[in-house]
Structures are given as structure tokens and as C-alpha cells.
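S.K.: To start, I am sharing the structure in question, which I have written as C-alpha cells.
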Amino acid sequence: MIRGLYTAATGLDAGMRHMDAISNNLANVSTSGFKREQVLFQSLLEREIYRYTNNEPPVYLGQLGSGVNFRLGTPDWGAGLPLATNNPLDIALIDGGASTADQLTFLAVETLQGGRAYTRNGQLMVDGEGFLRTMAGAYVLGHNPMGAPQRLRISDANELRIATDGTLIAANGMQLGRLYLVNPATDAQLTRLGNSLWNIEGEVMPAANPQVMQGYLEQANVQAVREMVNLITAMRLYETNAKIIQIQDETLNKAVNEVGRF
């Protein structure tokens, strides 16, 4: 009886965290470059059940699960569709057919804390000092073949032209630098930092053949209708586990307060 309560409780916990992940996907449906969260469910340890009778060998009845475990899986690395904005400071990183992180191109930035991070969100701006930044305030870094990447500075954002390889070109044709675009190594681990930023643990390499589209933004690869269907399914499963706990509790109450009288 108590085992059934604990089994249903693991289902409640997994269902709640599943709804949190779906809600996060829905909340970021309009966030440029967002990659949807995917979830995994794992069965906890299963036990073999036998029937024992006097002077007879035990009879195998099957297996009894002890609950479910939930964890976030690998994000969906599928590319989002490009959306035209006609803003010269908006860029979309095009990676047609990408399905793994090492096939994607990321833009390197310097966080407000001074660390290195990477993003797919190409919605950029220019601050009062002329530095190119993300909308969250991180400095956009430029490729420096002679040393460490440097912050990029531009004079006139309205006349800026960005080539497909990420080169920034002023109105007079002068090159102002090149976006530091990278590909993670195959075994690199990516974790979310918030504000559309990623931390990459492992080697990163300059993108061999980047494809930058100026005046576009990559939309989130979240399909709102599918996520709403998933949310309704998760809610129904949560309600089912809650009902199971209620039934177990009522049965336990009868066993203690009524059956125990005889």
C-alpha cells in the first residue's frame, strides 16, 4: 500500500517538472534562436513478484515498477525558420539540416561578468560607446587571428553591412572586423546560462563556412500547438497520479480504521 503511494508520488513529481519544461518552451516561443527543451522519462528499479504457497515452489507473477524518474534530455537542435526584420543589426545564423550541436554555428560574446559565452540569438544593438552588444548587454566578440577575440566597435549602425562570413563593412567599404563564429567540438557539453546564452565545456573551433543573413532573425524551433498538446497530456497524467494517491489513501484509511476493528 505504502509502496503504491511512493510510486504515484514519483509520477506527480515527474509530471510537475515535465509541465515546467513545456511552459518554458511556450514562454520562449518568440525568443530568437531558442532551442526547445526535450524531456526523458526513466523507469526506476523494478522488482520481481512471486506467489508463495506452502510446500510448493514460488510462482513468478511478473514485475512491479517502483516509479518513474524525470530528467531533461538533449535540447532540440533543429534550426528555426528565418524571419525578415530589415534591421541591419539583426542576423540569423543559417545551418540547414543541423540536428546536433556540433553542426550549429554560435556567436561568441563576453558576458557582463567578463566570461565567455555563446549565443544563437542574433538580435544585436550598439551601446553609447559604439560597441556591438546583444540585447541582454553581452559584448559581441570579433575574430582575431593574432590573439584573443576582441570587442567589436562600429561607427554607423544604419550603414553597416554584414557579409555572409560575418565580416562587418562600413559605408565607405572599410572592414570593421569579423564576428567570432564558432562550432562546438563533437564531444563538447552545452548548458544554458539564461538570456539566450550557452556555456560550452570543451573545444570550440572557428566556423569553417558560416552563413550569416543580415536583416533576419532565427525564430525559436518551438511549435506552440504541439507544446500545448503536450501540456494537456502532461496535465492529464498528473491528474491521474493524483487520483491514484487519493484512492490509495482512502483504501489505507479503511484498512486502518475499519478492517482493524474486526
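Each row is one residue, and each column tells you yes or no for (1) exposed (fewer than 12 other Cβ atoms within 10 Å of the Cβ); (2) in contact (Cβ under 8 Å) with a residue 40 or more places away in the chain; (3) within 22 Å of the chain's Cα centre (by Cα); (4) in a strand (DSSP E or B).
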{"site": "145", "(1), (2), (3), (4)": "yes, no, no, no"}
{"site": "156", "(1), (2), (3), (4)": "no, no, no, no"}
{"site": "171", "(1), (2), (3), (4)": "yes, no, no, no"}
{"site": "220", "(1), (2), (3), (4)": "no, yes, yes, no"}
{"site": "238", "(1), (2), (3), (4)": "no, yes, no, no"}
{"site": "252", "(1), (2), (3), (4)": "no, yes, no, no"}
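S.K.: Could you tell me whether residue 166 is over 23 Å from the mean Cα position of the chain (by Cα) and among the small types (Gly, Ala, Ser)?
M.R.: Numbers: over 23 Å from the mean Cα position of the chain (by Cα): yes; among the small types (Gly, Ala, Ser): yes.
Considered against the rule, which asks whether it is over 23 Å from the mean Cα position of the chain (by Cα) and among the small types (Gly, Ala, Ser), residue 166 comes out as yes.
S.K.: Another question about this same structure. Pairs under 6 Å by beta carbon, first residue surrounded by fewer than 17 Cβ atoms within 10 Å (Cβ to Cβ) in segment 176-187, partner among the acidic types (Asp, Glu), six or more apart or different chains?
M.R.: 185/203; 186/102
S.K.: In addition: Scan (1) assigned to a strand (DSSP E or B); (2) touching a Lys or Arg at 6+ places or on another chain (Cβ under 7 Å); (3) under 29 Å from residue 135 (Cα atoms) for the single condition residue 92 breaks and write down its number.
M.R.: (2)
S.K.: Follow-up question, since we're still on this one. Looking only at segment 112-138, count how many residues are within 16 Å of residue 190 (Cα to Cα) and of a type in the set (Ser, Thr, Tyr). If you could, list the steps in order and put the result at the bottom.
M.R.: Of segment 112-138, the ones within 16 Å of residue 190 (Cα to Cα) are 115-121.
From the residues that got through so far, the ones that are of a type in the set (Ser, Thr, Tyr) too are 118-119.
Residues that pass the stated criteria total 2.
S.K.: Another question about this same structure. Using the structure shown, decide if residue 106 is closer than 27 Å to residue 202 by Cα, in contact (Cβ under 8 Å) with a residue 24 or more places away in the chain and outside the structural domain of residue 156 (by TED's automatic domain parsing). Lay out the reasoning, then the answer.
M.R.: Numbers: closer than 27 Å to residue 202 by Cα: yes; in contact (Cβ under 8 Å) with a residue 24 or more places away in the chain: yes; outside the structural domain of residue 156 (by TED's automatic domain parsing): no.
For residue 106, the condition - closer than 27 Å to residue 202 by Cα, in contact (Cβ under 8 Å) with a residue 24 or more places away in the chain and outside the structural domain of residue 156 (by TED's automatic domain parsing) - is not met.
The values are calculated or read from the model by the stated rules, or taken from the named source; none is laboratory data. Bear in mind that the values here come from a model prediction, so they are computed numbers and not experimental data. Cβ atoms come from the backbone with ideal geometry, glycine included; neighbour counts cover every protein chain shown.
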